[in-house]
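**Student:** Please see the structure below; I have some questions.
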Amino acid sequence: MTSDSTDSAVSGVEIQLEGVTKRYPGSAEPAVKDVTMTIPAGQIVVLVGPSGCGKTTTMRMINRLIEPTSGRITIGGEDALELDDVRLRRKIGYAIQQAGLFPHFTVAQNIAVVPGLLGWDKKRIAERVDELMDLVGLDASQFRDRYPRQLSGGQQQRVGVARALAADPPVLLMDEPFGAVDPITRGNLQDELLRLQADLGKTIVFVTHDFDEAVKLGDRIAVLGEASTIQQYDTPEAILANPANDMVAGFVGAGASLKQLTLLRVRDVDYPDLALTADVGESPSELRARLARAGDTYALLVDRRRRPQRWVHVRNLSAATSLANIGRPVGDTVSTQSTLQDALEAILAEGGRAVVTGTRGEYVGMIDIETVTGVLAQLREEHESAGDAGDAGDGVDGDGTDAADGDGHGGDAGRAGVARGDAARDGAGRADGGVDGDAGAAADSGAGTS
Amino acid sequence: MTLFDYIADRWDRLALQSWLHVSEVVQSTLLAAVLGVLIGVAVYRSPVGSAVATGLASTILTIPSFALLGLLIPVFGLGPTPAVVALVLYALLPITRNTIVGLAGVDPAVTDAAKGIGMGRLAVLTRVELRLAWPAILAGMRVATQMLMGIAVIAAYAKGPGLGGEVFSGLTRAGSANATNQALAGTLGVVVLALLLEGVYFFIARFTVSRGIRG
Ligand SMILES: Nc1ncnc2c1ncn2[C@@H]1O[C@H](COP(=O)(O)OP(=O)(O)OP(=O)(O)O)[C@@H](O)[C@H]1O
Ligand SMILES: [Mg+2]
């Protein structure tokens, strides 16, 4: 996640808060007390914390909708408190929970407000509106002239985001922008924000009280306590692996380990090529011999494209005349793109281990519960010892792919030497079927095609 | 002479009086709208201010029209001035009250967003708040206009212009030739004009209220 946004062009600028305090008139305790933090350029920083802890107040001081009582705020090195507040806000995108669209303006007019305030000419504004609607996934010809009340909540939020981005501001402030939509739409909007951000590289301050949302979106998360005091400010990986105190731990909530698993993908870990595979065309007796040689009791039947089909036990083989209809269907499989959380789900459903498939659904290995627990243990260790955990991913990003591509099992040894890569494996798979289970021949023809 | 013969016979005069009547009412409404909106804008953020403004405007409305005219004639003399002043004062309540209600009813998230994306105070007021409060303000003006159509008849007592003169002289000459016709023609004229203005308001709403907020 971190690497996604650093890959792209960064158009955002750094924001610094130094000793920022806000005391509302008439209240004894400050709503925000002496907050100092740096929000790095081009990153999504999520402010999370319990209701009333001062997240919104902190965020709104950045665009001076609320004037700080004391402290300093710089945006891209400029002192925000020195600038004209209205002009400042035109350079900071702003999106809020209820979207706050102007009900009397059409979608296009809503998006056009800031460019209009900045004095862009009509043609440029019209082009920009279409571009932005496209960017947030709304068909311009269909939605341009609609009024907000003619949109669903999710569509309104998209327009809200488009309006915030209209003048291409380097900084975006978002206060629970996806708070009022159903979980599925929220998930989609989150995915889209990440996709946008990968291209745009804005500096985004995102407020939520949903920790899962913070984990999903944040390059960094600031967990705030009473009066916005920073409890922990770190990457999601680090916070999940090693919460700084009880308050953070409480906020992370039950299932921190499960949440960590959402940050990792199967391709990031070692998944051994444990299963003995057999083409459905192979003869049962041949397979039984191979199982015996390998000391295995189960084999995974794959089709011509090496897609997993069924599990067969050695015991089913003695009576069978063909592999075509025996065995138990493979249930849940996980792809190398799946998160470890999905993988765990599949592992549990499958009774201890699950089949991993590659990009085209072909068998590439097996993942089991020890793999998952091992990764978690490793993460925890790293974050405990290092303290800094900016690159948690690297630690487990071993040579999982190599392992999958590499050596198989005794019966199939010929193929391991053929070549690496999908094309070679595919070739081997096809040949396997054609020559009726002769492993040596399969290897040869595999080599021939690669 | 039947009523219709009477109307046909005095058409020119009645048309002129009708025109003066409408013009007096419309001008008073517009003046009251300007004042009412200004007052509304000045007070809507403060609950106390809103209560005071609405309270004062209601008090004016409770003064009987004859009494108010009686108070105004010594100040402004006879003629259109006291009539217009009275009409404006009566129109203030519905317009001020609806302006306050309309402005206070604007979704705070919308004004917050307007400020947040960089609209200045005046732009927020004129491009967002007043535009959103406009249907309510217009409804207030409509009520005011209907009310003034009737009150303007009574304002003729102060020698104001309009159909009131017909009604009054018809009533004072009761029993003599065409007295009833005169009073009836004046009254009928007021009713017809009120309906016409109602239609005008319908079209004003149609063309000035954004489709996005039309009911
Ligand atoms: N305009 C105001 N006047 C006085 N107190 C305020 C004002 N706005 C907020 N507060 C107080 O400041 C504190 C922080 O409020 P803030 O809105 O920043 O919280 P938050 O973290 O955004 O909460 P939530 O998650 O519920 O949105 C709260 O105790 C709130 O009551
Ligand atoms: Mg808040």
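**Student:** Considering only the range A:7-21, I want to know if a residue exists there that is under 21 Å from residue A:179 (Cβ atoms) and not small (Gly, Ala, Ser).
**Tutor:** Within the range A:7-21, not a single residue is under 21 Å from residue A:179 (Cβ atoms) and not small (Gly, Ala, Ser).
**Student:** Among the residues of the range A:85-115, write down those that are open to solvent by 40 Å² or more (accessible area, probe 1.4 Å) and at pLDDT 95 or above.
**Tutor:** A:109
**Student:** Scanning the range A:58-99 for residues that are touching a Ser or Thr at 6+ places or on another chain (Cβ under 7 Å) and part of a helix (DSSP H, G or I), which turns out nearest to ligand 1 (Cβ to nearest atom)?
**Tutor:** That would be A:58.
**Student:** Continuing with the same structure: Can you pull out every residue in the range B:1-20 that is closer than 9 Å to residue B:181 by Cα and surrounded by 14 or more Cβ atoms within 10 Å (Cβ to Cβ)?
**Tutor:** B:3, B:6, B:7
**Student:** Which of the residues that make up the range A:202-219 are part of a loop (DSSP other than H, G, I, E, B) and more than 12 Å from ligand 1 (Cβ to nearest atom)?
**Tutor:** Passing the criteria: A:202, A:218, A:219.
**Student:** Could we say that residue A:222 is part of a helix (DSSP H, G or I) and in the same structural domain as residue A:132 (by TED's automatic domain parsing) here?
**Tutor:** So residue A:222 does not fit the description; no.
**Student:** Same structure again: Pairs, please: C-beta under 8 Å, at least 6 apart or cross-chain, first residue under 11 Å from residue A:356 (Cβ atoms) and assigned by TED's automatic domain parsing to the domain that holds residue A:277 and in the range A:312-337, second open to solvent by 80 Å² or more (accessible area, probe 1.4 Å) and of a type in the set (Lys, Arg)?
**Tutor:** A:336/A:265; A:336/A:267; A:337/A:265; A:337/A:267
**Student:** Something else about it: Report every pair of residues separated by at least 6 positions or lying on different chains whose Cβ atoms are under 7 Å apart, first residue within the range A:41-65 and within 14 Å of another protein chain (Cβ to nearest Cβ), second more than 10 Å from ligand 2 (Cβ to nearest atom) and assigned to a loop (DSSP other than H, G, I, E, B).
**Tutor:** Every condition considered, the pairs that remain are A:57/A:31; A:57/A:66; A:60/A:66; A:61/A:68.
**Student:** What is the residue count in the range A:103-125 for residues that are in contact (Cβ under 8 Å) with a residue 12 or more places away in the chain, in a helix (DSSP H, G or I) and out of contact with any Leu (no Cβ under 6 Å at 6 or more places or on another chain)?
**Tutor:** Count: 8.
**Student:** Out of all the residues in the range A:32-47, which are crowded, with 20+ Cβ neighbours inside 10 Å and either of a type in the set (D, E, K, R) or within 9 Å of ligand 1 (Cβ to nearest atom) (or both)?
**Tutor:** A:32, A:47
**Student:** In addition: Go through the range A:149-178 and give me each residue that's more than 20 Å from residue A:202 (Cβ to Cβ) and within 12 Å of chain B (Cβ to nearest Cβ).
**Tutor:** Answer for the range A:149-178, where residues must be more than 20 Å from residue A:202 (Cβ to Cβ) and within 12 Å of chain B (Cβ to nearest Cβ): A:149, A:150, A:151, A:156.
**Student:** Answer yes or no as to whether residue A:17 is open to solvent by 50 Å² or more (accessible area, probe 1.4 Å) and away from ligand 2 (no atom under 16 Å from the Cβ).
**Tutor:** no
**Student:** Can you find a residue in the range A:37-56 that is of a type in the set (S, T, N, Q) and more than 27 Å from the chain's Cα centre (by Cα)?
**Tutor:** no
**Student:** A further question on this structure: Quick check: anything in the range A:194-201 on the phi > 0 side of the Ramachandran plot, away from ligand 1 (no atom under 16 Å from the Cβ) and open to solvent by less than 10 Å² (accessible area, probe 1.4 Å)?
**Tutor:** yes
**Student:** What number of residues within the range A:61-87 satisfy the criterion of being under 15 Å from residue A:203 (Cα atoms) and within 16 Å of ligand 2 (Cβ to nearest atom)?
**Tutor:** Number satisfying all stated conditions: 2.
**Student:** Within the range A:171-182, how many residues turn out to be modelled with pLDDT of 95 or more and either at positive phi or more than 16 Å from ligand 1 (Cβ to nearest atom) (or both)?
**Tutor:** Adding up the residues that qualify gives 2.
**Student:** Can you tell which of A:323, A:340, A:274 is modelled with pLDDT under 90 and over 38 Å from the mean Cα position of the chain (by Cα)?
**Tutor:** Selected residue: A:323, the only one of A:323, A:340, A:274 that is modelled with pLDDT under 90 and over 38 Å from the mean Cα position of the chain (by Cα).
The values are calculated or read from the model by the stated rules, or taken from the named source; none is laboratory data. This structure is a prediction, so every number in the text was calculated from the model and none was measured. With ideal geometry, Cβ positions are generated from the backbone for all residues, glycine too; neighbour counts draw on all protein chains shown. The accessibility values were calculated without ligands, DNA or RNA, using every heavy atom of the protein model including side chains. Shrake-Rupley method; radii C 1.70, N 1.55, O 1.52, S 1.80 Å.
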